[in-house]
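Beneath this line is the structure, given in structure tokens, with notes to follow.
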Amino acid sequence: MARGSTRPTSRDVAQAAGVSQAAVSLVLGDKWRGRVSEATAQRVREAAHSLGYRPNLAARNLRLGRTRTVLLVVPALTTEFFAGVYTGATRVAAEHGFGVVLYPSPEGIGPARDPFASAQAALDGVIASSMAADALTAIRGDQLPLVMLDSDPDGSLGAATVNLDIADGVRQVADHLLAQGHRRFLHLAADVASWTFEVRARELAARLAGTELGTVRAPISIEGARTAAEAALGRPGPRPTAVVCDDDQLAAGAYKAARRLGLRVPEDISVTGVDDLALATAIDPELTTVRLDAELFGEHGMRALLAVLKGEAPEAGDIPVHLVVRGSTAPPPA
């Protein structure tokens, strides 16, 4: 290393390994296969490690015309679910020298202002929730390498889609309640135009065919859900014995509605949710809900985008989910 230098360079690594700087770039950029031998690659890695060499990412980005920055577009962070998606995405991004900028759509869902003078100049790619898809128009994210989360694979804007197996989660809920003897259901549905909620409604209707199934829509908020559920459960006639909610916040609203009507959970009415947020174990009784692994979701989204950027096919298959049975479900009252 040159006298007075405070940081080893790729030239130092090349001299220590007895190779060219081009070979060092190939090896440390993981593009050496078929171009240098395994022995040479190992020698370069050992030299870089012993010297404490770290690539100058800023200089490399200027040469490549890349920023190694990804935008994650999500609805406004009203629950910890999307915080988990961000955590998972940043974990994988950091392993590959990328940073993640979180962009919560300011209005929750729908259009949003462009946070960049030029998204195409500032970003390498975008990961976006289908619930915030309209925000992509404003930031022109659909003109960049794009991975969509919770999106229809047959109609996606993105080069790839990453989905949780939400249909199977709904099947697990329905089968659990049917096995307990329930035949009258209320679907407390999220009043959001999004593919993921369309899948929930469609799968629930198919699984509960032949039973009594009513649907009421509510905004994704505890008070909005309480108002909708209270009106639906207070109607004359045979009352539903189970409320199937599109997410845990809606389920908490159903709890409040039941109590205002003098109904006990689960003795008089069973309630289920989706997400398994911290809220699910904070309410009493604890909520039976479908656990969605938000961090794993974020990890898969980031891996899919990295594959797209390399021109490779992302890993196929939906991410498994599973029902967590707690105290909010029981057989219907006699």
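The values are calculated or read from the model by the stated rules, or taken from the named source; none is laboratory data. In this text the structure is predicted, and so the values were computed from the model without any measurement. Every residue, glycine as well, gets a Cβ built from its backbone with ideal geometry; the counts of neighbours run over all protein chains shown. Surface areas here come from the heavy atoms of the whole protein model, side chains and all, with no ligands, DNA or RNA. Shrake-Rupley method; radii C 1.70, N 1.55, O 1.52, S 1.80 Å.
Here are a few things to note about the model shown:
- Scope the range 231-258; condition under 19 Å from L279 (Cβ atoms) and over 24 Å from the mean Cα position of the chain (by Cα); matching residues: V243, A254, Y255, K256, A257, A258
- Candidates P332, P285: the one that is in contact with a His (Cβ under 6 Å, 6 or more places away or on another chain) and either crowded, with 21+ Cβ neighbours inside 10 Å or at pLDDT 95 or above (or both) is P332.
- Qualifying residue in the range 266-276 (condition: part of a strand (DSSP E or B), of a type in the set (D, E) and closer than 19 Å to V325 by Cβ): yes
- Flag if A228 is without any contact (Cβ under 8 Å) to a residue 12 or more places away in the chain and over 17 Å from V290 (Cβ atoms): no
- In this structure, R33 qualifies as open to solvent by 70 Å² or more (accessible area, probe 1.4 Å), assigned to a loop (DSSP other than H, G, I, E, B) and at pLDDT 75 or above.
Here's the yes/no breakdown for (1) under 19 Å from D152 (Cα atoms); (2) open to solvent by 20 Å² or more (accessible area, probe 1.4 Å); (3) of a type in the set (G, A, S); (4) touching a Lys or Arg at 6+ places or on another chain (Cβ under 9 Å):
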| site | (1), (2), (3), (4) |
| --- | --- |
| P236 | no, yes, no, no |
| R259 | no, yes, no, no |
| A304 | yes, no, yes, no |
| L323 | no, yes, no, yes |
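- Among the residues making up the range 157-190, those that are open to solvent by 30 Å² or more (accessible area, probe 1.4 Å) and not acidic (D, E) are L157, A159, T161, R171, Q172, H176, L178, A179, Q180, G181, R183, R184.
- Only one entry of A334, A316, A330 meets the criterion of being within 30 Å of D124 (Cβ to Cβ) and part of a loop (DSSP other than H, G, I, E, B), and that entry is A316.
- Within the range 78-95, if we keep just the residues that are surrounded by 14 or more Cβ atoms within 10 Å (Cβ to Cβ) and in a loop (DSSP other than H, G, I, E, B), the residue that is modelled with the highest pLDDT turns out to be E80.
- Within this structure, T196 fails the test of being in a strand (DSSP E or B) and either open to solvent by 20 Å² or more (accessible area, probe 1.4 Å) or touching a residue at least 40 places away in the same chain (Cβ under 8 Å) (or both).
The rows are residues; the columns are (1) assigned by the TED database to the domain that holds H176; (2) under 16 Å from A189 (Cα atoms); (3) in a loop (DSSP other than H, G, I, E, B).
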position	(1), (2), (3)
A205	yes, yes, no
G214	yes, yes, no
R217	yes, yes, no
A231	yes, yes, no
G237	yes, no, yes
P240	yes, yes, yes
A251	yes, yes, no
A254	yes, yes, no
R264	yes, no, yes
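- Top-ranked residue in the range 143-192 [being among the charged types (D, E, K, R) and not in a loop (DSSP other than H, G, I, E, B); ranked as nearest to V85 (Cα to Cα)]: D168
- Residues within the range 193-222 that are touching a Lys or Arg at 6+ places or on another chain (Cβ under 8 Å) and under 22 Å from E80 (Cα atoms), tallied: 1
- In the condition set (1) crowded, with 18+ Cβ neighbours inside 10 Å; (2) without any contact (Cβ under 8 Å) to a residue 24 or more places away in the chain, K310 is compliant with all but (1).
- Looking across the range 210-221, the residues that are surrounded by fewer than 24 Cβ atoms within 10 Å (Cβ to Cβ) and at pLDDT 95 or above come down to G210, T211, E212, L213, G214, T215, V216, R217.
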